[in-house]
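Read-outs throughout are calculated quantities, based only on the coordinates presented, and are distinct from any laboratory measurement. None of the values given here were measured: they were computed from a predicted structure. Glycine gets a Cβ as well: all are built from the backbone with ideal geometry, and neighbour counts include every protein chain shown.
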Amino acid sequence: MKRTASLAALVGMTALLVSCNNVSSLLGGAKYPADQTESYAKAVEILKEKVDTTKFKIFGIRFQEREELCNDLSSISLDMVNADNYAFRQAYYMDGRVGQMNDYSTSVNEIDYAKIKGISLSKIDPAAIGRQIEEAKQLLPEGHTFQSVSVYEISEVLPRSTGLMNRGRNIGATEAEFKICFTEDGKETETSGGQVTHLYYEAKILVNADGSISPEEE
């Protein structure tokens, strides 16, 4: 059961179920812990090896855990566009596998190769990511325990297809955010009708331009 949270206050939260066989973080054994600098360094290394950035511009990156609460970084999803303005999404796995190209379409953002700056893989700082995650852990309310990083996302701010929607937006800037999951001590599970479910909170953390972090305000 997931409850969204701002970290500042644990009130007014919505819930979402998590099945009992989907909590491998409670058993440990993550190969690439999603809260560790070394895992992101390995992920960036894989991307540099697999992605030809002379042909594509990256405008979205998502580092993702394998399943809820496992804290095992297993894949990186990239949004890219080529010089012919063909935009697609593709997954790259920590074991070296590469997923199929899937068409990326949106009626909100304008996808134009010439206008997109592209996210440089060389400018991704795994150490900064690790530091931000550690700082987010320190924001957890007393009596709660960190479980996982569900996603860390980096994206370029793209122009909207309608000009009026671009007011106040920093077009071309790179933004980042991530989500951490945590449980309340002593209230990790709930039993109803003989079925045990796991309860946890998920909070979105925004990365500021200077690299500091702020919990998203609800």
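From the largest down, the range 101-173 spans 46, 29, 26 angstrom on the principal axes of its Cα atoms.
How would you rank His144, His198, going from fewest to most other Cβ atoms within 10 Å of each one's own Cβ?
Working: His144 17, His198 21.
If I rank by nearby Cβ atoms, fewest first, I get His144, His198.
Sorting Thr174, Thr183, Thr189 by the number of Cβ atoms found within 10 Å of their own Cβ, with the fewest placed first, yields Thr189, Thr174, Thr183.
Can you tell me what the convex hull of the Cα atoms of the chain projects to on average, as an area in nm²?
On the way: hull surface 54.5 nm².
Approximately 13.6 nm², given one-decimal rounding.
In this structure, the residue pairs whose Cα-Cα separation is over 26 Å, taken from Lys50/Lys204; Lys123/Lys179; Lys31/Lys117; Lys2/Lys48, are Lys50/Lys204; Lys31/Lys117; Lys2/Lys48. Across every direction, the projection of the convex hull enclosing the Cα atoms of the range 97-218 has a mean area of 12.0 nm². Using 0.36 nm per residue and subtracting the Cα-Cα separation, the extra length available between Asp112 and Asn166 on full extension is 17.9 nm. Between Glu142 and Asn82, the modelled label-to-label distance comes to 5.8 nm, taking each label 7 Å out from Cα in the direction of the beta carbon. Helix 126-137 and the longest principal axis of the C-alpha atoms of the chain enclose an angle of approximately 30°. Looking at the range 100-167, the trypsin sites (Lys or Arg not before Pro) that sit in a DSSP loop and have at most 11 other Cβ atoms within 10 Å of their own Cβ are Arg167. Using only Cα atoms, find the angle between the long axis of helix 37-50 and the longest principal axis of the chain, and express it within 0 to 90 degrees, rounded to the nearest 10. Value to nearest ten degrees: 30.
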